[in-house]
Amino acid sequence: MAMTPRNAEYTKEYNRKAFLRLLRSGPLSRAEAARRTGLTRSAASLIAEELLAEGLIVETSATETKLGRTPVPLALRPDAGYAVGIYLNRDGCTAGIVDICGNTVSQQRLRMGDWDVTNKIERLVECIRGMLADCQLPRERLAGVGISAPGPLDGESGHILNPPKFPLWNNTKIGPILEAELDMPVYLENNASCLARYNLGKPEARGSESFLLLLVDSGVGSGVVINGKLLKGAGYFTSELGHTSINYRGKRCACGNIGCLEAYAAIPNLLQGTGFSSWREVMDTVSFDKLAGKLMKLEAEYLSAGIVTMCNLVSIDTVLLAGDLLYGADTFAPLLEKHVNARSLRREMLPVRVLPSKAGADALIGAAADIAFDRYLMV
Ligand SMILES: [Zn+2]
């Protein structure tokens with residue numbers, strides 16, 4: 001039967017999922033859950049009783065205050081749901097299983113050395129099946145698979161389109177193929193976008209609700225959150241700051257544009273012909289090596305040109321660094337912040353902060369798994 005908003009079964013499911021969605025951000029009392037979902041107190045209590053009986057949530061202890069006992073808060077049980085998270089990028093693949101409270105249950109770094117277009121799906125499926133078998137999770141508690149990959153991609157059809165220098169996965173309908181193989185929903189999203197949404201509300205974002213997540217490794221990716229919502233446009237596409245031009249007569253980029261930020265600021269492009277092989281090596285020697293110092297400054301100049309364009313298009317107050325730039329961020333972030341604010345139109349009124357994001361290996365998988373939880377809990 002089609003689930004339409006007029007359908008009572010749909011309404012019930014919608015309210016249950018709205019309740020679970022709210023609890024993903026932390027414990028809440030029944031009254032607070034009612035207020036935030038717009039349900040009556042009795043309807044919220046009824047849903048809470050059902051979810052308690054099904055073992056999806058628990059009551060945590062009330063606390064004593066000067067005004068008396070606080071209402072008993074409800075919290076999600078970590079085993080209420082699980083999702084598989086897959087983080088794909090040009091350097092490889094990290095896969096894992098994450099519970100609904102964000103704890104990583106299993107994690108693997110996959111070497112893609114012998115993967116090719118004929119065996120890549122088989123290898124990925126093998127890995128996911130292996131992890132699911134090892135963890136022995138109840139099938140009905142699996143929300144699905146979330147895949148984060150470099151853009152451009154079409155999240156609606158689960159199709160990785162033509163990300164530059166990503167030949168292994170170019171033009172791959174990864175969503176429908178994996179769905180058929182694994183018999184569960186598979187969701188696809190741009191990796192910078194899902195990392196941006198993952199950082200919303202985390203301490204690393206320092207309360208910002210309008211920020212840019214800048215993912216720099218062998219490419220330059222961007223995810224933009226404005227007023228607490230991930231920015232998405234026509235055709236489900238998101239921002240591609242790496243493919244905005246910082247030099248109209250510059251280098252030809254693999255995307256077809258000229259002078260793209262990525263053509264200069266992606267780490268392999270920055271380091272080409274310098275003798276340095278990684279950003280880590282640059283930052284390890286920056287205090288005594290002149291060339292390393294020059295490269296760090298150059299990277300700050302390139303990125304600030306792109307970031308200021310983004311600030312002028314949409315008003316952001318924070319830039320969160322992810323990818324290779326997390327290494328040595330204590331030194332690099334203040335330098336980049338200085339360059340950005342020196343060029344920013346709004347530096348007097350709204351100076352931009354540059355901070356490291358929450359983006360370690362757990363965060364990469366957690367952000368990918370969140371794609372599945374978010375979609376699953378939308379009904
Ligand atoms: Zn480009």
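Throughout, read-outs are computed from the coordinates displayed, never taken from laboratory work. Every value quoted in this text rests on a predicted model; they were computed, and no experiment measured them. Cβ coordinates were reconstructed from backbone atoms using ideal geometry, including for glycine residues, and neighbour counts include every protein chain displayed.
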*Is it possible to state the helix-based mean residue ellipticity at 222 nm for the chain, with each DSSP H run of 4+ residues giving -39500 (n - 2.57), the sum divided by total residues, to the nearest 500 deg cm²/dmol? What is it?*
-11500 deg cm²/dmol
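Go ahead and run the numbers for FRET between Lys251 and Arg123, Cβ-Cβ distance against an R0 of 35 Å, rounding to 0.05. Provide the component values of the computation, followed by the final result.
Working: r = 34 Å, r/R0 = 0.97.
Efficiency, from the Cβ-Cβ distance: 0.55.
From the Cα gyration tensor of region 8-76, with a ≥ b ≥ c the square roots of its eigenvalues, which class applies: rounded if a/c is under 1.5, or else prolate if a/b is larger than b/c, or else oblate?
Details: a/c = 2.17, a/b = 1.74, b/c = 1.25.
It comes out prolate by the Cα gyration axes.
Once R0 is set to 25 Å, what does the formula 1/(1 + (r/R0)^6) return for the Cβ-Cβ distance between Phe237 and Ala342, expressed as a FRET efficiency to the nearest 0.05?
It comes to 0.20.
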*Hey, in the GNM for the chain with a 10 angstrom Cα cutoff, which one of Tyr82, Tyr248, Tyr198 fluctuates hardest?*
Tyr248
_Mean separation of Cα contacts under 8 Å (6+ apart) over length of region 8-76, as relative contact order %_ = 34
*How much space per residue, in cubic angstrom, does the convex hull of the C-alpha atoms of the chain take up?*
180
*Quick one: which residues, 5 or more positions from Gly144 or on another chain, have an amide H under 5 Å from its amide H? H modelled 1.01 Å from N in the peptide plane, none for Pro or chain starts.*
Val84
*For region 278-379, just say rounded, prolate or oblate: build the C-alpha gyration tensor, square-root its eigenvalues into a ≥ b ≥ c, call rounded for a/c under 1.5, and beyond that prolate if a/b exceeds b/c, oblate if not.*
oblate
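Specify whether the C-alpha gyration tensor of region 203-357 places it in the rounded, prolate or oblate class, a ≥ b ≥ c being the square roots of the eigenvalues: rounded for a/c under 1.5, otherwise prolate if a/b is larger than b/c and oblate if not.
Numbers: a/c = 1.71, a/b = 1.25, b/c = 1.37.
Judged from the Cα gyration tensor, region 203-357 comes out oblate (a/c at least 1.5, b/c at or above a/b).
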*Cleavage-rule hits, trypsin sites (Lys or Arg not before Pro), region 325-379, DSSP coil, Cβ neighbours within 10 Å at most 15*: Arg346, Arg347
